[in-house]
Every structure is written in C-alpha cells, then in structure tokens.
Amino acid sequence: MYSVLIPTLSGNSMNTKIQQVCISDLWNWLETVVDPEIPVLTILDMGIVRRIEIRDNGQLTISDLEGRTNANVPVNPENARLLVFVTPTYTGCPAMNMIGAHIRLELAAHGFSDVTVREVLQPAWTTDWIPESARHKLREYGIAPPEQEARIERLLFSEVSVTCPRCQSRNTEKLAEYGSTACKALYRCKDCLEPFDYFKCH
Amino acid sequence: MRDFLLLLADNTQILGHRLGEWCGHGPELEIDMAMTNLALDLVGQSRNYYQYLAELEGKGRTEDDLAYLRDAREFRNCLLVEQPNGDFARTVARNFLFDSWHFFFLQALCNSNDERLAAIAAKSLKEVTYHLRWSSEWVIRLGDGTEESHRRIQDAFDHLWTYRGELLTPAPFETEAASAGYGVDLHSIKPLTEDKLADILYQATLRRPEDGWMQSGGKTGRHSEHLGYLLAEMQYVQRAYPNSVW
C-alpha cells in the first residue's frame, strides 16, 4: 500500500570529514529527505522536523526549523551527538518510522553516527505550517493543498470549496472523507472529470 | 493515573481493532478505507497512552506488553467499544456514540494539568474532529435515507443505547483523576454531548431511545463476552509466539 523511496545517499563521508561542517549543512541534508507518502514534499516543507540539538564536547547548541537558528555554528561529525526532534502529522501515521530511519541514514552518510530521532507532540502539527512554495509543489503533483486555516470549530461540518489542481475549476465535489491516506480526502472535478486527492486542513 | 491512562488507551485500542476488522469488508471501497484510516488514528492514539504508562511504570514493560499481554479483566475500556461490528449501521451508530463523547472529552482533556496528557489530547482532537464529522454524516445519511437504512440505524441505536450510560458515568479512578486536575469531569461534558446527539438525531429523523437501565462494568474490568474473543484474535501472535518481533 505504501510505496517507499529510499533516498539517494548524497555526499561522501571521506570528503565531508575534511570540510568544515556547520549547522546549515545539517538542514540542507535534511532538506533531501522526502515524505514517503508525498515524495514531492521534503520533511522540512511539511514542518515535521522541529529542531536539532547538537552536543559537541559538552556544549549544547539548539537550532530551530523556524529561522534555522545558529546556522553558522560549526559541528564536528566525529564528536557531535545529534538529537533530531520530529512531530508526527497524524498519530497513527505509518510513515513516521520510515522518516526517522531516513533521517539517520542521511546524516550517517555525512559521517554522523550518533543520531537520535525523538518524537514531540507539542505543539501539535498543523497544515498551516506548509508554506506556499510547498503548496505549489503539491498542486503540480496533482494534490489540492489545504484550503483554509486549521481551526477545529470550522472543520466540523463546514464544507470547503476545493480547487481542482489540474484545471483550477472550483466546481468540485467530495467523494470520500478519507482518501489514500489519513491526511487526504478524495474529490472529483465536475469540469475536467478527474478525481484528485485533497490535503485536509489539520 | 494508571487506570485512567488504561481507560484512554484501551478505549482507542479496542475500537481501533474493531474498525480494523472491516478491512476488506466495507460496503464500498471508500468506506472501507475511511474505517481503516479511523482505525489507524485510534491505534496511534492508544500507542501514545500506552507508551506514557509504560514510562510511568518504569518496570521495563513496553506499549506492546500492555496491549498484547493483558487479559480481559485487566482492560479498562467501555463496553460500547468492544461491541461487535454488526452491520454497517451498527458500526456507524457505535462510532457516533463514541465520537460524540470522545470529541468533548478530549477538548476538556486539553486542559489537563498533566502536560503530556494535554499534548496527546490536543493532537488526538484534530483527528477525532474528522471522526465525529464522518460518523455524524453517516448517521444523517442512513437515518434520512431509505426506509431500510432508517430502520437499520434506528435498530442500531436502540440496541447500543444501553452502553451509552457508561461513557458519562465516572468510575472511582475517573473521579479521582478529575479532582486531581489531570482528568475530566464527565458532568461538565454531558450537556455538550447531549446537544450534539440531539442535533444529529434530529437531522437524521431518528428517535432518541428511552434512557432505561444502563450497562456498566467495562471500566472496572467486568466485560461482555465479546472482549475475550476480540483479544484472542488481537493477541494471537504474541500468545502463540511469545516475544516475537518484526
């Protein structure tokens, strides 16, 4: 049911050991890890990685996804212990284990052997974190991005009008509340007649 | 805290398992996928509670030990969630009775003074909002549908009504949890769930069954015979091949 893309291991540990590595490199490498369910989005697009904590020779440095703080701080792959905080999209999402494994693989390819991936629930993940650039990628891929802000009161019984990602028509209808994954609903365009996935507000 | 966490974990685990039983048997492909997606959410939520409990215990037990190696008497779930799927109307009515309680329960649990519980509740609430929406829509569609669908969903509510009382009647450990500030005062959410129920039943042109004698006991480990059969299937692999792992 779930197609899995094994990421290409970019970089070569022999080379990177010689170069100076800093925190911005960690973020750039994580940028190559994609959501196995929606391979056009990276785990950073999705806001799944919240922050990285780096312990290097007793010194703790924290870098948040938001603003990628402390990006220029150097990191030594040989000593550094990395703690990567991720937040699940849905609690039962089967992609989370895979994403954790891909994070460790990607960082291992750059010489980091001490990497722990830890789940955090607070603040709860929301589709509001998906930036416009990623929404554009979703449309190109044929998935309609979330149409409004994720507010619980509004989600209940409010019908949203969803734009067809293929022909941009707003003349669409919902076929099923749950689509190919928990995060998507199934819609149909009444103009171009194509069915499509809609990424639900969450 | 232990029993309260088990109540939350077992409710979601057992209902998740029941919905999983529909996999491959749904009346339509879309409904089949919806029910298994609901199951996935619920089992995911139960894992959060089991993991938390395992950490609090500190006895080296894991979430898997808690789900697979306890007997029926040690389960704290409400009787409602262990009731068999029956026909699709029975499943929809069971889910709606649960969701219309679960939604308001989680809203209240977001204010728990236990940070971890509040975080799990906030996360779960987003998912359960869609669960309530899904089951409400189906109650309306079946109730306000054909003569047969109306009869079947009405029968389902009549049959399951006796299990509804337990959702809103606190067990001693829930009263303790509410007064300690980490639990939920069930009296405070009762009017909210009653309103939701009345509204949806009205839209569905269904009759609210009479409140009569209500079943109870699940929360203190006295279950209907159905739970034993459910566990026999759910726990089969761990019981037959102890300590096997993926």
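The values are calculated or read from the model by the stated rules, or taken from the named source; none is laboratory data. Please read these numbers as outputs of a predicted model, since none were measured by experiment. No Cβ is skipped: glycine too gets one built from the backbone with ideal geometry, and neighbour counts run over all protein chains shown.
When A:Ser133 is tested against (1) more than 17 Å from B:Tyr130 (Cα to Cα); (2) modelled with pLDDT under 95; (3) assigned to a loop (DSSP other than H, G, I, E, B), only condition (3) is not met. The set of residues from the stretch A:184-200 being part of a loop (DSSP other than H, G, I, E, B) and at the interface with another protein chain (Cβ under 9 Å from one of its Cβ atoms) comprises just one member, A:Lys200.
The set of residues from the stretch B:114-143 being among the acidic types (Asp, Glu) and crowded, with 19+ Cβ neighbours inside 10 Å comprises B:Asp114, B:Glu127. In the stretch B:70-86, the count of residues that are basic (Lys, Arg) and free of Cβ contacts under 8 Å to residues at least 24 places away in the same chain is one or more. Flag not set for B:Gly24, criterion: more than 19 Å from B:Asp87 (Cα to Cα) and surrounded by fewer than 17 Cβ atoms within 10 Å (Cβ to Cβ). The set of residues in the stretch B:131-156 being within 14 Å of another protein chain (Cβ to nearest Cβ) and either of a type in the set (Asp, Glu) or under 12 Å from B:Gln203 (Cα atoms) (or both) consists of B:Ser136, B:Glu137, B:Trp138, B:Val139, B:Ile140, B:Arg141. If you go through the stretch A:88-130 and keep only what is hydroxyl-bearing (Ser, Thr, Tyr) and either in a helix (DSSP H, G or I) or buried (at least 19 other Cβ atoms within 10 Å of the Cβ) (or both), you end up with A:Thr89, A:Tyr90, A:Thr91, A:Thr127.
Would you mind finding the one in A:Glu106, A:Glu66, A:Glu78 that is free of Cβ contacts under 8 Å to residues at least 12 places away in the same chain and among the charged types (D, E, K, R)?
Of the residues listed, the single one that is free of Cβ contacts under 8 Å to residues at least 12 places away in the same chain and among the charged types (D, E, K, R) is A:Glu66.
When A:Ala101, A:Ala144, A:Ala124, A:Ala95 are checked against the criterion of being small (Gly, Ala, Ser), in contact (Cβ under 8 Å) with a residue 40 or more places away in the chain and within 14 Å of chain B (Cβ to nearest Cβ), a single residue qualifies: A:Ala95. Checking A:Ile62, A:Ile48, A:Ile43, A:Ile130 one by one, the residue that is away from chain B (no Cβ under 14 Å) and under 30 Å from B:Ala9 (Cα atoms) is A:Ile43 and no other.
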